[in-house]
1. Below 8 Å, C-alpha to C-alpha, sequence gap of six or more: please give me the relative contact order for segment 114-163 in percent.
2. Rounded, prolate or oblate: which one fits segment 311-384, using the alpha carbon gyration tensor with axes a ≥ b ≥ c (rounded when a/c is under 1.5, else prolate when a/b beats b/c, else oblate)?
3. As I understand it, the dipole of segment 4-109 uses +1 on the Cβ of Lys and Arg and -1 on the Cβ of Asp and Glu, about the Cα centre. Which of 64, 32, 75 lies farthest toward its positive end?
4. With an 8 Å cut-off on Cα pairs and a minimum separation of 6 or more residues, tell me the relative contact order of the chain in percent.
5. Report the one residue of 300, 257, 270 whose Cα lies farthest in the direction of the positive end of the charge dipole of segment 228-384 (charges on C-beta: Lys and Arg +1, Asp and Glu -1; origin at the Cα centre).
6. Going through the cross-link list 186/258; 121/272; 121/206; 186/207, which pairs have a Cα-Cα distance over 32 Å in this structure?
7. Nearest 0.05, what FRET efficiency do residue 342 and residue 157 give at R0 = 45 Å with Cβ-Cβ as r?
8. I want to make sure I understand the PRE zone here: with the label point 7 angstrom from the Cα of residue 108 toward its beta carbon, which residues in segment 229-252 have backbone N atoms less than 19 Å away?
Amino acid sequence: MAVSVVAKTSNAEAFLAQLGVTSIINAGGTNTRHAGTIPRAECMAAMQDMCGVFVRMDEYMPAVGQAIADLIGVPAAAITSGATGGLVLQAAAAMTRNDLERAARLPDATGMPNELLIQRKQRFSYDKMYRLPGAKLVEVGRPDGCTAAEVEAAITANTAGLIDVQSPFKAHNGVPLPELATLGQKYNIPVLCDAASMLPPRANLKKFFDLGADLVVFSGGKGIRGPQSSGIVLGKKEWVEAAHINNAPFANVARSQKVSREEAAGLLAALKAFLAEDEAAETANYRLMSQHVVDRIQGIPGVSARVMHDYDHHYPQAVITLTHEWRGPNRDEIHARLLAGSPRIYLSALEPGNILAIDPINLQPGEVEIVADTLRAALLAAIK
Ligand SMILES: *Cc1c(COP(=O)(O)O)cnc(C)c1O
C-alpha cells in the first residue's frame, strides 16, 4: 500500500535550501513540532477546488461539520483548528451551553459554571488550552489513578465539565469513560473527551461517543491526514450547537482560531478517503515496516526490540528498549544524535525514558530501510 501519494519534490528541497532549513525523515509520528503528517491528495484537491468560491461561513461550516458527522455516524460535528482548538471549543461550550450572551462574554467566565474536572494522572502539556476561554482546571484523584467516587466528591455547582483524555500512556487507571458519563448524566454536566491522536483504528471515531462522551475531539492533521491545522469536535447536537456559537466566524472566543473554507473541505475529503481505506491492509503494512526495523536492531548488545500494537501503540510500531545491560549514552542522547545526523531522523521518544519508537505513519517509500540502517549504525557506534 502506498503510504503517501504526495511525493517529495526537488522544488521543496530547493525551497528549504533557500531558507537554510534541512528536512527530516519523520519516524516519530504525527506531531506538530515535526510538521504533522502528509495531507492526502484528495484533501489537497478539495482545498484547491474551494479556493475560488465564496460562501456564508455561518451556513457553510456547520454544513461541512454535519457532513463529517454523517460520515462518522454521530449526531453532529464542528470544525476547529486542530485538536487543541477543539479543547478551547469544548471548554467554551461547557460553560456557555446555548446562551449567546455568555458566549459574547467569554473569556470572562464569572457568573457561570466555569470549572473543569481533570484527573491528576491525565494532566498533559496541552491542557492549558481548556483555560483559554476562561475555564479553570480542578484536579481530582491521585498521581497514579482516579475513581468515579473521587470525581463525584469533587463535583460542585461550579463544575462545567468532566475531562476524559484518551491518549497513549494517559488512560490507564483512570475512571472508565462509561462511569464518567454516568456521573455527567446524573449532574447534567458534559463529558469532554480528547482523543486527538487515537486514529487509526477508525472505529475510535465513534467509540468514545458511544461510550458516553458528549463532545469528542480529534486532530484533522494526524491519522486522518487532512490539513495539519484542522480538527473535529463531534458529539451530541446540543453540545455541538454550543460549540458553534463560540466558534468562528462569530466574534467570540474561538474566532482567533478560524479555519478556512478550503481547509474545511480538505478535512472532509481526507476523512472520506481515510474511511475508504482498507484498515487490515494498512495495519499489515505498518506491522511489516515495524518488523523490518526490529529485525535490523535485534542482537545489538543491551538493546531489545519488538513490534507493539496495543492501546498505547494503536497501530503497529517498532519499540526499541535500552535495557539495563546497555553500555552507551542514554536514550535522549541517541535520539539527539539521530536528529542531528545526515539524514536527520526523528524518532518517537515518549515513556518510559529508555524507549525509542519508530512510528511508520509518516514514512515514505524507501525510508524505513534508511531509518533501520541508520539506527542500527548509531546504536553500534554508541556502545562504549
Ligand atoms: C496531538 C494532540 C493534541 C493536539 O492536536 P492538534 O491537532 O495538533 O492541535 C491534543 N491532545 C492530545 C491528547 C494529542 O495527542
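Here, each number is a calculation from the coordinates, and none is a lab measurement. Because the structure is a prediction, the values reported are computed rather than measured. All Cβ positions, glycine included, derive from the backbone under ideal geometry; neighbour counts span all protein chains shown.
1. Values: 71 pairs, mean separation 26.7, N = 50.
In percent, rounded to a whole number, it is 53.
2. Working: a/c = 1.95, a/b = 1.17, b/c = 1.67.
In terms of gyration-tensor shape, oblate.
3. The one lying farthest along the dipole's positive direction is 32.
4. Values: 792 pairs, mean separation 87.3, N = 384.
It comes to 23 percent, rounded to a whole number.
5. Of the candidates, 257 comes out farthest on the positive side.
6. Details: 186/258 34 Å; 121/272 35 Å; 121/206 24 Å; 186/207 21 Å.
Beyond 32 Å: 186/258; 121/272.
7. Working: r = 60 Å, r/R0 = 1.33.
With a Förster radius of 45 Å, E is 0.15.
8. 246, 251-252
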